[in-house]
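Undergrad: One structure is given below, represented as structure tokens, and several questions about it will come after.
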Amino acid sequence: MLVAYLIMLREGIEAALIVGIIAGYLKQTGRERWMPSVWLGVALALALCVVIGVALNYTSGEFPQRQQEFFEGAVAVAAVAILTSMVFWMKKAARSIKAELQHSVDAALRPGDRQGWALVGMAFLAVGREGLESVFFLLATFQQSVGPGVPVGAALGLLTAVGIGVAITYGGMRLDLRRFFRWTGVFIIFVAAGLLSGALRAFHEAGLWNGLQERAFDLSGILPVDSVLGTLLSGLLGYQDSPAIGEVLAYVVFLVPALILFFTQSRPVRSPRPA
């Protein structure tokens, strides 16, 4: 539940910031009449994401067992790629995203017959990207978790993000976005490592991967995965009480370089002191 909440909170805040920047710029430049086009683009993006998510989830349930395991592994790998690219993209684009969006609004509203539709398309693509990232993450999480915790956490995270977005845009609320995206980025890297480890396990159950299946360790007697703490660590960090060697290697080989790259790129570049 907590993982779904935090992921959807981050994704929702990203989408809310994008819409808020567009709305603020339209108001600042006296073009509020184009806001219905923005909301239409947002609504179309949300509708498309819901349709894709429901279709993929329904289709996976129709597969035979081995094909379903393969599908779960493939979705998990896709979620890892999307979440990781999102973390690094946001870190890189955060400084210039406002200027880029304002430039895109100006370009979309140049005189012509397709002014409104260009703005619809801009909002659709901006929100749709965040929505599809969420769809693949939630699909991967639904397949690895049982119970209502994931959908409830996702819904609460999205509602919180909407409230924060409204407060930032219209209420003057200030949020340290740099620190927020930095630490949620670290959290998402851990989540992605857990998803990748789970994908390898799914591929083994599908009969596609049979190497490195010896047990790396067995903590089931000390910290079973179905205990309260084990469940929390499983959801947050992808913990398993008796993982295979291959699963541990996949986790570590992804996690360590990703964290090093993330923190290395986060360091400000210092200009050399004059002699």
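The values are calculated or read from the model by the stated rules, or taken from the named source; none is laboratory data. Note that the coordinates shown come from a computational prediction; the quantities given were computed from them, not determined experimentally. FYI the Cβ positions are ideal-geometry reconstructions off the backbone, even for glycines, and counts take in every protein chain you see.
Undergrad: Would you mind finding the one in 69, 32 that is at pLDDT below 80, exposed (fewer than 14 other Cβ atoms within 10 Å of the Cβ) and farther than 24 Å from residue 129 by Cβ? Walk me through it before giving the result.
TA: Values: 69 fails: exposed (fewer than 14 other Cβ atoms within 10 Å of the Cβ).
Exactly one residue qualifies, and that residue is 32.
Undergrad: From the residues in segment 79-97 that are of a type outside the set (A, V, I, L, M, F, W, C) and closer than 14 Å to residue 130 by Cα, which one is modelled with the highest pLDDT?
TA: Filtering segment 79-97 down to residues of a type outside the set (A, V, I, L, M, F, W, C) leaves 84-85, 91-92, 95-96.
From the residues that got through so far, the ones that are closer than 14 Å to residue 130 by Cα too are 84-85.
On the way: 84: 84, 85: 81.
This residue is 84.
Undergrad: On the basis of being touching a Gly at 6+ places or on another chain (Cβ under 8 Å) and modelled with pLDDT of 75 or more, does residue 45 make the cut? Working first, answer last.
TA: On the way: touching a Gly at 6+ places or on another chain (Cβ under 8 Å): yes; modelled with pLDDT of 75 or more: yes.
Answer is yes for this residue.
Undergrad: Here is a further query. Checking the condition at pLDDT 80 or above and over 20 Å from the mean Cα position of the chain (by Cα), which residue from 166, 120 passes?
TA: Going through 166, 120 in turn, just one is at pLDDT 80 or above and over 20 Å from the mean Cα position of the chain (by Cα): 120.
Undergrad: I've got another one for you. Give the residue, chosen from 199, 192, that is under 14 Å from residue 259 (Cα atoms) and modelled with pLDDT of 80 or more.
TA: On the way: 199 fails: under 14 Å from residue 259 (Cα atoms).
Going through 199, 192 in turn, just one is under 14 Å from residue 259 (Cα atoms) and modelled with pLDDT of 80 or more: 192.
Undergrad: Among the listed residues 255, 261, 223, which satisfies the condition of being part of a loop (DSSP other than H, G, I, E, B), out of contact with any strand residue (DSSP E or B) (no Cβ under 9 Å at 6 or more places or on another chain) and modelled with pLDDT of 80 or more? Please lay out each step first, then the result.
TA: Details: 255 fails: part of a loop (DSSP other than H, G, I, E, B); 261 fails: part of a loop (DSSP other than H, G, I, E, B).
Answer to the selection: 223.
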